Amino acid sequence: MLIELEKTHTSPGKETLSSYMRRIDFLKGLMDTTKMTNPVEKVVASQLLSPLPDSISKETHQKTVTKYTKELRDELLGEKDGLRQRQSMSSSEDMDALLKYHHNMHEKIAENMLSLAKNMKEKSQLAGEIIKRDIETVDKSSNLAEKNFSQLKVESERLQEHSRRAWKCWMWVMLVVVIVIFINMVLFMKVMKKRKY
């Protein structure tokens with residue numbers, strides 16, 4: 001629907017379209033988070049989501065984070081299935097299992113954080129390369145513009161020189177024509193005077 005909206009002639013402004021795109025990305029992130037099975041991944045993914053400035057998105061984000069945090073807490077404390085298992089175990093076995101479970105959960109959280117950090121590093125490197133290429137393109141364009149400007153300056157100076165030469169040439173032609181007309185007039189006047197006498 002967003003692509004069709006962009007193609008229409010009466011599409012809204014760029015800011016509105018970018019706002020729609022951010023909302024769609026936020027909702028996609030929420031949907032992807034609900035598909036995850038591990039509660040740790042759900043908590044991390046929901047906290048990484050960036051809500052929009054409007055109150056509905058913030059409230060939805062807060063509720064989602066709260067929900068997945070509660071699920072993780074329930075799983076860590078074993079309020080669902082682990083409660084029955086702990087009742088049958090002895091206290092030492094229960095403590096060892098709980099510590100082991102916490103250790104495993106910490107390792108999973110650390111792995112998730114490492115993978116997220118690696119993804120962010122790769123994305124930042126990619127963005128840096130794109131920015132570097134853009135800067136090189138801008139530098140090339142500015143150099144080309146400066147070169148064209150200098151060539152244009154040289155050509156304009158050359159054109160001015162040609163126009164000065166042409167003006168001088170026409171001035172000499174006009175001067176010669178005026179002198180020729182003057183001489184003819186003088187001769188004509190002398191000839192006419194002689195005929196009268």
Give just the number: which of (1) among the charged types (D, E, K, R); (2) modelled with pLDDT of 75 or more; (3) open to solvent by 100 Å² or more (accessible area, probe 1.4 Å); (4) closer than 30 Å to residue 99 by Cα does residue 71 not satisfy? (3)
Those residues that are part of a helix (DSSP H, G or I), open to solvent by 80 Å² or more (accessible area, probe 1.4 Å) and in contact (Cβ under 8 Å) with a residue 24 or more places away in the chain, I need them from the range 12-62; list them, please. 22, 23, 48
Being assigned to a helix (DSSP H, G or I), within 30 Å of residue 72 (Cα to Cα), open to solvent by 90 Å² or more (accessible area, probe 1.4 Å) and not polar (S, T, N, Q) is true for just one of 147, 132, 123. Which residue is that? 123
Of all residues in the range 110-120, how many are hydrophobic (A, V, I, L, M, F, W, C) and open to solvent by 100 Å² or more (accessible area, probe 1.4 Å)? 3
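The values are calculated or read from the model by the stated rules, or taken from the named source; none is laboratory data. What you see is a predicted model; the values in this text were computed from it and never measured. All Cβ positions, even for glycine, are placed from backbone atoms using ideal geometry, and neighbour counts span all protein chains on display. The area values use the complete protein model at the heavy-atom level, side chains included, leaving out ligands, DNA and RNA. Shrake-Rupley method; radii C 1.70, N 1.55, O 1.52, S 1.80 Å.
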